[in-house]
Amino acid sequence: MKTYVKIFAGTSSLCMIFQFFFNIGEKSIVDVGIHAVMSGGLFGLFMTLFAIAMYKAMGKKPGEKIVASESITIELPYIEAFIQCLQSVQVIGKHEMLNSDEQQGIIEVKSANSMESFGEIITYTLQSIDEHRTHVILTSKPSWSKTIEDWGKNENNVRQIMKYIYLHKREKYSVS
């Protein structure tokens with residue numbers, strides 16, 4: 001409900017402001033004000049109803065977080081798995097390394113902005129199971145907290161990275 005109120009208030013007030021300033025010289029200020037409030041209110045109502053329909057069509061609730069996550073156990077020692085995870089970032093394309101801490105088992109990357117989103121934060125969490133196996137948890141979420149829909153971008157990031165890790169999980173890496 002809170003999200004719908006924000007949508008209504010934001011869209012109707014913007015429409016009111018535009019209507020007021022674009023029509024200020026044509027009629028009296030009272031007529032322009034009444035016209036701006038009525039058209040702004042109707043536009044806000046339309047946009048709110050449109051948002052409700054979009055949420056229902058997508059099967060989501062307002063404010064619901066858009067996060068994709070998956071885990072895998074790699075048949076590699078911890079350091080080799082860490083290197084493999086660092087290399088797997090290449091599949092998402094242009095990105096910025098935010099954090100790479102081998103001791104804590106954390107890799108954090110921000111993907112570049114795209115037509116679908118303002119980028120995503122991709123986090124790898126690695127934990128050694130034994131000498132030859134490492135558990136990896138991969139999470140992708142929007143970098144902008146106000147994102148309503150990611151058009152499957154986070155799931156695609158996780159799917160691409162997991163595919164890379166799965167296909168390369170038996171490779172040996174030299175540690176220098």
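Points worth noting:
A quick yes/no check of all residues on (1) over 30 Å from Ile137 (Cα atoms); (2) among the polar types (S, T, N, Q); (3) within 22 Å of the chain's Cα centre (by Cα); (4) assigned to a helix (DSSP H, G or I):
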position	(1), (2), (3), (4)
Asp31	yes, no, no, yes
Ile34	yes, no, no, yes
Met38	yes, no, no, yes
Gly41	yes, no, no, yes
Ile52	yes, no, yes, yes
Tyr55	no, no, yes, yes
Ser71	no, yes, yes, no
Ser100	no, yes, yes, no
Glu116	no, no, yes, no
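- Close pairs (9 angstrom Cβ cut-off, 6 or more residues apart or separate chains): in a strand (DSSP E or B) in the range 123-148, basic (Lys, Arg) anywhere: Thr123/Lys141; Ser140/Lys153; Lys141/Lys65; Pro142/Lys65; Pro142/Lys153
- The residues of the range 82-94 that are of a type outside the set (Lys, Arg) and farther than 11 Å from Ile107 by Cβ, listed by number, are Gln90, Val91, Ile92, Gly93.
- Residue-level check: of (1) under 20 Å from the mean Cα position of the chain (by Cα); (2) in the same structural domain as Ile161 (by TED's automatic domain parsing); (3) surrounded by 15 or more Cβ atoms within 10 Å (Cβ to Cβ), Tyr78 misses just (1).
- The residue pairs whose first member lies in the range 1-19 and is without any contact (Cβ under 8 Å) to a residue 24 or more places away in the chain, whose second member is surrounded by 14 or more Cβ atoms within 10 Å (Cβ to Cβ) and in a helix (DSSP H, G or I), and whose beta carbons are closer than 6 Å, counting only pairs six or more residues apart or on different chains, are Gln19/Ala36; Gln19/Ser39.
- Residue list for the range 82-114, restricted to those being among the hydrophobic types (A, V, I, L, M, F, W, C) and in contact with a His (Cβ under 9 Å, 6 or more places away or on another chain): Val89, Val109, Ala112
- Verdict on Lys61 being within 30 Å of Thr125 (Cβ to Cβ), basic (Lys, Arg) and either assigned to a helix (DSSP H, G or I) or out of contact with any Asp or Glu (no Cβ under 8 Å at 6 or more places or on another chain) (or both): yes
- Some residue of the range 135-155 being over 30 Å from Met54 (Cα atoms) and surrounded by 15 or more Cβ atoms within 10 Å (Cβ to Cβ): yes
- Filtering Leu49, Leu42 for residues that are at pLDDT 90 or above and farther than 24 Å from Lys146 by Cβ leaves a single hit, Leu42.
The values are calculated or read from the model by the stated rules, or taken from the named source; none is laboratory data. Predicted, not measured: the structure shown is a model, and the values here were computed from it. Using ideal geometry, Cβ is built from the backbone for each residue, glycine included, and neighbour counts are taken over all protein chains shown.
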